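Worksheet: one structure, shown below.
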Amino acid sequence: MAGLRLGPLLRYVDGSSATVWVEASRPCTAEVRCSGGAGGTARTFQIEGHHYAVVPVTGLTPGTSVPYEVLLDGTRVWPLPGSPFPPSVIHAPGPGDRLRVAFGSCRWAAPPADGKDPAGPDALDALAARIAADPEGERPDVLLLLGDQVYADETSEATRRRLAARRDPADPPGSEVADYEEYTGLYHESWRDPEVRWLLSTVSSCMIFDDHDVIDDWNTSAAWLADMRATHWWRERLLSGLMSYWVHQHLGNLSPAELAADPLYAAVRATPDGTHALRTFAARAEADPASVRWSYRRDFGRVRVLMVDTRAARVLDEDDRAMLDPGEAGWLRDQVLADPGSCDHLLIGTSLPWLLPHLVHDAEAWDAALCRGARGPRWTRFGERLRQRADLEHWAAFPASFEALADLIAEAGSAPGAPATICVLSGDVHHAYVAEPAWRSGPVDSRVVQLTCSPVHNSVPLSMRLGFRFGWSAAARALGRLFARHGSCVEPSVTWRRTGGPWFGNQFMTLTLHGRSARLRLERARAQAAAGGRARLETTAERELAQ
């Protein structure tokens, strides 16, 4: 009899359809059955001995929430027997409904060995507990996970024990994951957390990778990539990372129609074992990143969400360095400007912040100039060493791409029927803040904000807190100008100011969007001593972005 190994995850949802992702213990037919008659079935496909299904659910009624159950070969496997959680539901949004979008990044999911979590309470655990305690109360309609869903390079003690049972940990990559099977262990560790498992079964999610999903500072530069390719283990690590991402995260980002039209998905399902087809795809993506698009668009009524790949889509040639390759940049431009007047809010999800603390921005732009040779060969070598050691690889480290995004946002925000808000949603930098730009060329009609929020669950050392606080200061801004002058950096077309934060802790932000109004809330997880250390959510900040 087939068992449920992982999931279910509620992924794509619109007014009449949804997808539910599962991993089963053996080949079978997966079924999602909703009260009221909606549902769907899918046969599992196999990758590296694992069996998965993405079940398309049809027949939903806009504006309703319906409980569902999962069956494998006709036997109910979800809800779990004796589950303390309420039934998992699929909420199909109706036209004009209020939309709540929660987002964050950087969830190191390893459970503490002794019950004491050094990273503090998990914000997703706290969110799950709140929803479970009041199923009819407020909850996000969609959860945007903006990178570092798993940490392939920072493994837990339990994972290290599993790796040591398979291979000699003295051999590279040591305590980091090496292949597809080891990646599956990371997803199991992350998504079998009881609270998070239930949360992801009842709140729709959109995902995009960042560096730790593969390795820290993935695709920092051409020199970095050459060094990695010179190792004997890198290619298997990257192919396995892309394969596991496609299975566990990317498929659920697609609508049922997109899945039905996807040639790789068809090829994987058409054979008893889809490993070869998926591995061939990953090898092509490794050799030619521009041949694959991981970015995608989701529309929620008059809210447009663009999730942008800022890792695999990079151009690393120093003479033509770009955050997005030409095809990806063209796709983003087309989606931002498509159907003028059709959206009230434009959300651009990019794991890496567009607007950083001023010192960090100037240091990254300065370093990029050094690496291009602005101060000669010795400075070029210094710039590359600094770039890799200090993680100088955000939008500011790709100055042409930074300007292109600024120009695109200004164009969209000044067009007839411009959105009420254009929000750039990011994570990565282990603190939260709000920054607002102003264009030197003149005002933009839309309210434009950089909303950065991380981590969901990770440690934030004191040195990082002090560094980022200083990075926003006036003294740091003056120091940054010195860097910029030394590198003969071109002045950005935008200025910006921090209007909220910095906030530290395990946290997430929620945008509540209704018509052309937008409200932002930041919530932090805090442990409750009186409740046995269980976490609760505390509102740290709340403000109107548009009325």
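The values are calculated or read from the model by the stated rules, or taken from the named source; none is laboratory data. A quick note: this is a predicted structure, and the numbers were derived from the prediction, not measured. All Cβ positions, glycine included, derive from the backbone under ideal geometry; neighbour counts span all protein chains shown. Areas reflect the complete protein model, heavy atoms only, side chains present, ligands, DNA and RNA absent. Shrake-Rupley method; radii C 1.70, N 1.55, O 1.52, S 1.80 Å.
Its relative contact order, with pairs defined as Cα atoms under 8 Å and 6+ residues apart, puts the stretch 418-458 at 56 percent. For the pair A165 and T539, a Förster radius of 35 Å applied to the C-beta separation gives a FRET efficiency near 0.20, rounded to the nearest 0.05.
Carbon-plus-sulfur accessible fraction, the stretch 221-325 (probe radius 1.4 Å, protein heavy atoms only): 54%.
Here is the list for the stretch 79-147: trypsin sites (Lys or Arg not before Pro) lying in DSSP coil, each with at most 15 other C-beta atoms within 10 angstrom of its C-beta, are R98, K116. When peptides 418-430, 472-484 are sorted by average Cβ neighbour count within 10 Å, with the highest value leading, the order is 418-430, 472-484. Each Cα pair under 8 Å and six or more residues apart adds its sequence gap; the mean of these over the residue count of the chain is a relative contact order of 16 percent.
Annotation for the stretch 307-354 versus the stretch 1-68: alpha-carbon center distance of 31 Å.
Considering only protein heavy atoms and a probe of 1.4 Å, how much of the accessible area of the stretch 8-71 is carbon and sulfur, as a whole percent? So the carbon and sulfur contribution to the accessible surface is 47 percent. Taking N as the residue count of the chain, its C-alpha radius of gyration divided by 2.2 N^0.38 Å amounts to 0.94. The accessible surface of the stretch 444-543, taken with every protein chain in place and a 1.4 Å probe, is 53 percent carbon and sulfur. Principal-axis analysis of the Cα atoms of the chain puts helix 123-133 at an angle of about 40° to the longest axis. Per residue, the accessible area of the chain comes to 38 Å² when a 1.4 Å probe rolls over the protein heavy atoms. Contact order, relative form, for the stretch 1-66: 32 percent (alpha carbon pairs under 8 Å, 6 or more residues apart, mean separation divided by residue count).
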